[in-house]
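Reviewing the structure listed below.
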Amino acid sequence: MRKVLPEKMFKDPEQSRLTLLRNWVLDNEVSEIEMNERQFWTFAQLQPLAEKPWITFMGRALRVPKMPADAQKRLGIDDKGAPGAI
């Protein structure tokens, strides 16, 4: 089930922790994570270098629908299941 990340989560880089996201994913049975661009970049900053380019978290696809399409394509997070996608 696709879930939108709560607005307050990953808003402040100083208070953001991957354990919060991990617990949220497991507690809410999330299969896809949708977040805004600011949350995405805070999340990306916390990721270990080996995890980049951040297209998934715990095997769940990340979606950032309001990020410019070109940026999404370069990062590999564009929604290939969206209408009109090939």
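FYI, it's all coordinate maths here, none of it is from the lab. All of these numbers come straight from a predicted model, not from anything done at the bench. Ideal geometry is used to build each Cβ from the backbone, glycine not excepted, and the neighbour counts take in all protein chains shown.
Summarising the label geometry, the points placed 7 Å from Cα in the beta-carbon direction at Arg2 and Asp27 lie 2.4 nm from one another.
Helix 37-46 and the longest principal axis of the C-alpha atoms of the chain enclose an angle of approximately 60°. Note on Gln15/Arg38: beta-carbon distance plugged into 1/(1 + (r/R0)^6) with R0 of 22 Å gives a FRET efficiency of 0.95.
Computed about its Cα centre, the charge dipole of the chain is approximately 80 debye, with only Lys, Arg, Asp and Glu carrying charge at their Cβ. Note on the chain: the alpha carbon radius of gyration divided by the globular reference 2.2 N^0.38 Å gives 1.04.
For the chain, the longest principal axis of the C-alpha atoms and the axis of helix 18-27 are separated by about 70°.
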